[in-house]
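Enquirer: One structure, pasted below without further comment.
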Amino acid sequence: MEKFNTFKGIAAPFNILNVDTDKIIPKQFLTTIKRTGLGKHVFDEMRYKKDGSENPNFVLNQKPYDKSNILIAGDNFGCGSSREHAPWALKDFGIKCIISTSFADIFYNNSFKNGLLPIMVTKDERVALLEDAKDKENPEIEIDLENQEIRRPNGGKIKFKIDPFRKKCLLEGLDDIGLTELHENKIKSFEESRSTKHPWL
Amino acid sequence: MSKTLYDKIWQSHLINEQDDGTSLIYIDRHLVHEVTSPQAFEGLRLSNRKVNSPKRTLAVADHNVPTLDRELGIKEEDSRIQVEELDKNVEEFQIPYFNMNDSRQGIVHVIGPEQGFTQPGMTIVCGDSHTATHGAFGSLAFGIGTSEVEHVLATQTLIQKKAMNMLINITGNLDKIVTSKDLILYIIGKIGTAGGTGCVIEYSGNALRDMSMESRMTICNMSIEAGARAGMIAPDDITFNYLYEKPMAPKNEDWDKAVNWWKTLPSDSGAKFDKIVDIDATKVTQTITWGTSPEEIVSIDGTVPNPDKISDEVKQNKIKRSIEYMGLTPGQKISDVEINTVFIGSCTNSRIEDIRSAAEIIKGKKVSTNVKALVVPGSGLVKKQAEEEGLDVIFKHAGFEWREPGCSMCLAMNSDKLNEGDRCASTSNRNFEGRQGKGGRTHLVSPEIAAASAITGKLTDPRNVT
């Protein structure tokens, strides 16, 4: 996985409640056998009109948000199915960070595995960031994972919490499977004792 | 110290725990399907890894298999490639597999229990959020993403943090007409689609003790719609009787040992839960959804809500949007709403009991001329059982289509989908915009309400169909 470095990027105001993974990437795009190439389909139903042209009212079709790297999202972002196609599609579009007050568990987990950082903030902080993002002249926000800090266009800072293990994996671009394989002996002895105790398992 | 069912399973699967609580847990069973696995197998190949424990893995194609003319193969090229990819991967990695033409093929969450692959006390995962279904057996079962699918294939473990314990305690008894689908929709309406976020839900109460495994599975299945990754119900004699002599269940001495162990699993009295929600079963009515989120529920005799009465602006906008998308008007009686499609199927409600209850209502009646109605049994074995009972004949006589097993119109990845503006009474689990087809409108309902609605062409209380 790529290392997650501090970056400054355009934040899009995306204040919709319960954005589900069907909305992020509808099922007709799940038949892919690759992880890449889904960016053009992200938010397909909101993003395109029936004739396939772009819906000008959709925020990610508007300048400067068509180049967004950050979403300021509504509560319970990513609810619904476990499809990892959702973070793949967001990442492929260019989104590197999503800021909200809450995320659905599986989406939250899947994001970290793909170098996409979900940040949880308070309601007030989100309101402030939404206001920042709405300023089309200057919607750039800086994300510093190392120092767990969001730096606003006005120079203000918002601290955020993150699980230390997940932070380390993102910063160093670590592969989970490789880390787990370091525990190979422990896994083997667990399996052996389990097979003795509960042979039917 | 007193422990919950979840605590017990968690602790008995813990291989390693770091100071920050990040844990490595052992996975007993892994179900694999065609949509969320190709990239995981590709990852294994690229890193030259093998599948750690093929015998703990079971694969099946279910999400985009056709439910008609299966012998002709899959028409849609992308879907066909995805299923062929699974065929190749299970062959290469030597994973047990029910292919599309196997009599045991079906929805991954129907076949696991049916084969006895699912058992109490286990950790069970699948790259599908409705894996929560298997928690009905007193197992810890949850959905994972594709990276985690690859992790489990490679190591038979997962990196996790322990979730919170949440108890949903159902007091009193349900009215006879109220089904487990009504109950879970009612619960989601009460706690909301984020109500269980960060939690594993244990459902308890007498009302559950009388329920069949099929009904319990319907409840645990929709835990994800309440935001919880897993839902569980303590195992009891009903669980053991269901599993007895299932093909992959323990046999002989192992069976006795297993039952003795399973009996130790239920939460201890005095076990601590981080959150407790009480549900009064006597207040639960026949419940369906009116909107585009599973929490947007209404009693079958109720009305569409009025957004002007909601003060929170974001919520008000969401409700307005739902009403607009669903083509309803505030205050409209839900039983006046006309439907043109009925779908009986999905991992929520496609088991034999669901098909029997729907058939009971359909018997001797005709589907309304404006309605296209289909039954998609959850597995080849459910279909066979139903046919042995003559239920297929009841459906076909009434004007229902009787299809081959698969996920079908629940997520419309195959050709079973709604067209723009179609309105469906569906026994599935998600009513998101476009879920069953772009522009399609979904009302989540019990099999009984689906059957009654097929006859009248409106969302209908089964008691009003005589």
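The values are calculated or read from the model by the stated rules, or taken from the named source; none is laboratory data. Quantities reported herein were computed from a predicted structural model and do not represent experimental measurements. Note: ideal-geometry Cβ built from the backbone for every residue, glycine included; neighbour counts use all protein chains shown.
Enquirer: Restricting to segment A:16-41, what's the tally of residues that are facing chain B (nearest Cβ under 7 Å), assigned to a loop (DSSP other than H, G, I, E, B) and under 26 Å from A:Leu129 (Cα atoms)?
Expert: 2
Enquirer: Give the residues of segment A:49-90 that are under 17 Å from the mean Cα position of the chain (by Cα) and on the phi > 0 side of the Ramachandran plot, sorted by residue number.
Expert: Passing the criteria: A:Asn76, A:Gly78, A:Gly80.
Enquirer: So B:Pro120 fits all but one of (1) over 18 Å from B:Cys347 (Cα atoms); (2) at pLDDT 95 or above; (3) assigned to a helix (DSSP H, G or I); what number is the exception?
Expert: So B:Pro120 meets the others, but not (3).
Enquirer: Still on this structure, please answer the following. Which residue is nearest to the other protein chains (Cβ to nearest Cβ), if the candidates are limited to segment B:399-446 and must be of a type in the set (Gly, Ala, Ser) and within 27 Å of B:Arg104 (Cα to Cα)? So that I can check it myself, show each step before the final result.
Expert: Pass one, segment B:399-446, residues of a type in the set (Gly, Ala, Ser): B:399, B:406, B:408, B:412, B:415, B:421, B:425-426, B:428, B:434, B:437, B:439-440, B:446.
Narrowing the set further to residues that are within 27 Å of B:Arg104 (Cα to Cα) leaves B:399, B:406, B:408, B:412, B:415, B:426, B:428, B:446.
Numbers: B:Gly399: 28, B:Gly406: 14, B:Ser408: 12, B:Ala412: 6, B:Ser415: 11, B:Ser426: 14, B:Ser428: 12, B:Ser446: 21 Å.
Going through the qualifying residues, I end up with B:Ala412.
Enquirer: Here's a follow-up. Please verify whether B:Gly196 is of a type outside the set (Lys, Arg) and within 14 Å of chain A (Cβ to nearest Cβ), treating the condition exactly as stated. Walk me through it before giving the result.
Expert: On the way: of a type outside the set (Lys, Arg): yes; within 14 Å of chain A (Cβ to nearest Cβ): yes.
Here the answer is yes, as B:Gly196 does meet what is asked.
Enquirer: Would you be able to say whether some residue in segment B:55-70 is in contact with a Phe, Trp or Tyr (Cβ under 6 Å, 6 or more places away or on another chain), at the interface with chain A (Cβ under 9 Å from one of its Cβ atoms) and at pLDDT 95 or above?
Expert: If we filter segment B:55-70 for residues that are in contact with a Phe, Trp or Tyr (Cβ under 6 Å, 6 or more places away or on another chain), which is where we start, we get B:58-60.
Now restrict to residues that are at the interface with chain A (Cβ under 9 Å from one of its Cβ atoms): none.
There is no residue in segment B:55-70 that is in contact with a Phe, Trp or Tyr (Cβ under 6 Å, 6 or more places away or on another chain), at the interface with chain A (Cβ under 9 Å from one of its Cβ atoms) and at pLDDT 95 or above.
Enquirer: Only one of these conditions is not met by B:Cys126: (1) in contact (Cβ under 8 Å) with a residue 12 or more places away in the chain; (2) farther than 21 Å from B:Ala226 by Cβ; (3) touching a Leu at 6+ places or on another chain (Cβ under 9 Å); (4) at the interface with chain A (Cβ under 9 Å from one of its Cβ atoms). Which number is it?
Expert: So the condition that B:Cys126 fails would be (2).
Enquirer: Turning to a different aspect of this structure: Counting only residues that are over 21 Å from the mean Cα position of the chain (by Cα) and among the aromatic types (Phe, Trp, Tyr), which one in segment B:394-416 is nearest to B:Thr67 (Cα to Cα)? Give the steps one after another, and end with the answer.
Expert: Taking segment B:394-416 as the starting set, the residues that turn out to be over 21 Å from the mean Cα position of the chain (by Cα) are B:394-401.
Those left that are additionally among the aromatic types (Phe, Trp, Tyr): B:395, B:400.
Working: B:Phe395: 16, B:Phe400: 14 Å.
So, considering only residues that are over 21 Å from the mean Cα position of the chain (by Cα) and among the aromatic types (Phe, Trp, Tyr), the one nearest to B:Thr67 (Cα to Cα) is B:Phe400.
Enquirer: Taking A:Gly74 and the conditions (1) surrounded by fewer than 24 Cβ atoms within 10 Å (Cβ to Cβ); (2) at the interface with chain B (Cβ under 8 Å from one of its Cβ atoms); (3) in contact with a strand residue (DSSP E or B) (Cβ under 6 Å, 6 or more places away or on another chain), which numbered condition does it fall short on, given that it satisfies the others?
Expert: (3)
Enquirer: Further question: Using the structure shown, decide if B:Arg435 is in contact with a Pro (Cβ under 7 Å, 6 or more places away or on another chain), crowded, with 24+ Cβ neighbours inside 10 Å and in a loop (DSSP other than H, G, I, E, B). I'd like the intermediate steps shown before the answer.
Expert: Numbers: in contact with a Pro (Cβ under 7 Å, 6 or more places away or on another chain): no; crowded, with 24+ Cβ neighbours inside 10 Å: yes; in a loop (DSSP other than H, G, I, E, B): yes.
In short, no.
Enquirer: Now, a different point. Select from segment B:102-148 the residues that are of a type in the set (A, V, I, L, M, F, W, C) and over 14 Å from the mean Cα position of the chain (by Cα) and write down the one among them that is farthest from B:Leu411 (Cα to Cα).
Expert: As a first pass, look at segment B:102-148 and keep what is of a type in the set (A, V, I, L, M, F, W, C): B:107-108, B:110-111, B:117, B:122, B:124-126, B:132, B:136-137, B:140-142, B:144.
Retained after the next criterion (residues that are over 14 Å from the mean Cα position of the chain (by Cα)): B:117, B:122, B:124, B:140, B:144.
Numbers: B:Phe117: 25, B:Met122: 28, B:Ile124: 23, B:Leu140: 25, B:Ile144: 18 Å.
The extreme case among them is B:Met122.
Enquirer: Moving to a separate point now. Taking segment B:132-166 as the region of interest, how many residues are in a helix (DSSP H, G or I) and either at the interface with another protein chain (Cβ under 8 Å from one of its Cβ atoms) or modelled with pLDDT under 95 (or both)? Before you say what the answer is, go through the steps one by one.
Expert: Of the residues in segment B:132-166, the ones in a helix (DSSP H, G or I) are B:132-137, B:146-155.
Subsequent filtering for residues that are either at the interface with another protein chain (Cβ under 8 Å from one of its Cβ atoms) or modelled with pLDDT under 95 (or both) retains B:146-148, B:150-151, B:154-155.
The qualifying residues number 7.
Enquirer: Considering only segment A:154-166, I want to know if a residue exists there that is within 11 Å of chain B (Cβ to nearest Cβ), outside any loop (DSSP other than H, G, I, E, B) and surrounded by 16 or more Cβ atoms within 10 Å (Cβ to Cβ).
Expert: yes
Enquirer: Of all residues in segment B:217-238, count the ones that are surrounded by fewer than 24 Cβ atoms within 10 Å (Cβ to Cβ) and closer than 10 Å to B:Tyr203 by Cβ.
Expert: Residues that pass the stated criteria total 1.
Enquirer: Keeping to segment A:109-160, report how many residues are of a type in the set (S, T, N, Q) and under 20 Å from A:Lys3 (Cα atoms).
Expert: Narrowing segment A:109-160 to residues of a type in the set (S, T, N, Q): A:109-111, A:114, A:122, A:138, A:147-148, A:154.
Restricting the remaining residues to those that are under 20 Å from A:Lys3 (Cα atoms) gives A:109-111, A:114, A:147-148.
Total satisfying the criteria: 6.
Enquirer: For segment B:18-41, give me each residue that is among the acidic types (Asp, Glu) and in contact with a Lys or Arg (Cβ under 9 Å, 6 or more places away or on another chain). I'd like the intermediate steps shown before the answer.
Expert: Step one: filter segment B:18-41 for residues among the acidic types (Asp, Glu), giving B:19-20, B:28, B:34.
If the condition is that a residue be among the acidic types (Asp, Glu) and in contact with a Lys or Arg (Cβ under 9 Å, 6 or more places away or on another chain), then B:Asp20, B:Asp28 are the ones that fit.
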